[in-house]
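A.B. asks: Sharing a structure below in structure tokens format, with a few things to ask.
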Amino acid sequence: MSKGIATKQQAKMVKYIESQPLPSFLTKTEVESILDAAKVKNYRDYVFIMTLFRTGARVAEIVGDKKYPGFKVDDIREDKVRLYGKGKKERWVPVTQDFLNVLLSYIAAGNIKGKVFNMTTTNAWVILQKYEKVINRHLNPHVFRHSYAVYLLSQGLDVRYVQKLLGHSSILNTMIYLRITDANLEEAFKKVMW
């Protein structure tokens, strides 16, 4: 591929990314405030919200629906969790020991055997609405996914790894988050694409 063609393709991709709306995300302080409030108010809420943020999962990947089987006890390993994304594509997401301890403690206390969270996506939205007052902002489950991506990229994780963790089939979907961080979009393209 000639340099001129690559540059034109690169310019088209950058233009596409820049035309997309910026995803809404939470700061680390906002996430911590929500988790602190949930820990006091309802332990299940606390573990659920922490799971959304610490895995970057779509809400349906956690609670399940017609397209997704949901997050089950069998999907937990010593340092990672298994999620089933779009098209039932399996991906393993590394998790921290502190998150794993909270998750396993919740499972043991509730004697949970199958799905970790027995709720619907509607229930998930209702749970998050309870914590909107904590940060004076509207919350939805997907904002935790966006926050996970922004946090990882702002900590210097390569965009290709973030793509895998989120289960994105196209790098372009992940590169939209670079607009929020201080990363240079064109430099990232050079590393990723050519």
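A.B. asks: Is at least one residue of the stretch 44-54 in a helix (DSSP H, G or I), crowded, with 18+ Cβ neighbours inside 10 Å and polar (S, T, N, Q)?
C.D. replies: There is at least one residue in the stretch 44-54 that is in a helix (DSSP H, G or I), crowded, with 18+ Cβ neighbours inside 10 Å and polar (S, T, N, Q).
A.B. asks: Something else about it: Among residues belonging to the stretch 7-36 that are open to solvent by 80 Å² or more (accessible area, probe 1.4 Å) and farther than 19 Å from Ala149 by Cβ, point out the one that is farthest from the chain's Cα centre (by Cα).
C.D. replies: Filtering first and then ranking leaves Lys8.
A.B. asks: Of all residues in the stretch 116-168, which are open to solvent by 20 Å² or more (accessible area, probe 1.4 Å) and among the β-branched types (Val, Ile, Thr)?
C.D. replies: Answer for the stretch 116-168, where residues must be open to solvent by 20 Å² or more (accessible area, probe 1.4 Å) and among the β-branched types (Val, Ile, Thr): Thr120, Thr121, Thr122, Val126, Val134, Ile135.
A.B. asks: In the stretch 64-83, is there at least one residue being at pLDDT 95 or above, open to solvent by 20 Å² or more (accessible area, probe 1.4 Å), under 23 Å from Leu139 (Cα atoms) and of a type in the set (Lys, Arg)?
C.D. replies: No, the stretch 64-83 has no match at all.
A.B. asks: Residues of the stretch 105-115 being open to solvent by 70 Å² or more (accessible area, probe 1.4 Å) and either of a type in the set (Lys, Arg) or over 16 Å from Lys39 (Cβ atoms) (or both), which ones?
C.D. replies: Of everything in the stretch 105-115, those that are open to solvent by 70 Å² or more (accessible area, probe 1.4 Å) and either of a type in the set (Lys, Arg) or over 16 Å from Lys39 (Cβ atoms) (or both) turn out to be Ala108, Asn111, Lys113, Lys115.
A.B. asks: Consider Arg91 against the criteria (1) in a loop (DSSP other than H, G, I, E, B); (2) at pLDDT below 95: it satisfies all of them except one. Which criterion is unmet?
C.D. replies: (1)
A.B. asks: Determine which single condition Val102 fails, assuming it passes every other condition in (1) in contact with an Asp or Glu (Cβ under 7 Å, 6 or more places away or on another chain); (2) assigned to a helix (DSSP H, G or I); (3) open to solvent by 20 Å² or more (accessible area, probe 1.4 Å).
C.D. replies: Here Val102 meets the rest and fails (1).
A.B. asks: Taking the condition of being touching a Pro at 6+ places or on another chain (Cβ under 7 Å) and among the charged types (D, E, K, R), how many residues in the stretch 56-87 meet it?
C.D. replies: Number of matching residues: 2.
A.B. asks: Residues Glu90, Glu61: which one is open to solvent by 90 Å² or more (accessible area, probe 1.4 Å) and in contact with a strand residue (DSSP E or B) (Cβ under 7 Å, 6 or more places away or on another chain)?
C.D. replies: That would be Glu90, the only listed residue that is open to solvent by 90 Å² or more (accessible area, probe 1.4 Å) and in contact with a strand residue (DSSP E or B) (Cβ under 7 Å, 6 or more places away or on another chain).
A.B. asks: Here's a follow-up. If you go through the stretch 118-176 one residue at a time, how many are part of a helix (DSSP H, G or I) and either closer than 21 Å to Glu90 by Cβ or not charged (D, E, K, R) (or both)?
C.D. replies: Matching residues across the stretch 118-176 total 39.
A.B. asks: Would it be correct to say that Lys41 is free of Cβ contacts under 8 Å to residues at least 40 places away in the same chain and under 22 Å from Asn140 (Cβ atoms)?
C.D. replies: no
The values are calculated or read from the model by the stated rules, or taken from the named source; none is laboratory data. All values reported here derive from a predicted model rather than from experimental measurement. Don't worry about glycine lacking a Cβ; one is built from the backbone with ideal geometry, like all the others, and counts go over all protein chains shown. Keep in mind that these areas ignore ligands, DNA and RNA; they rest on the heavy atoms of the full protein, side chains included. Shrake-Rupley method; radii C 1.70, N 1.55, O 1.52, S 1.80 Å.
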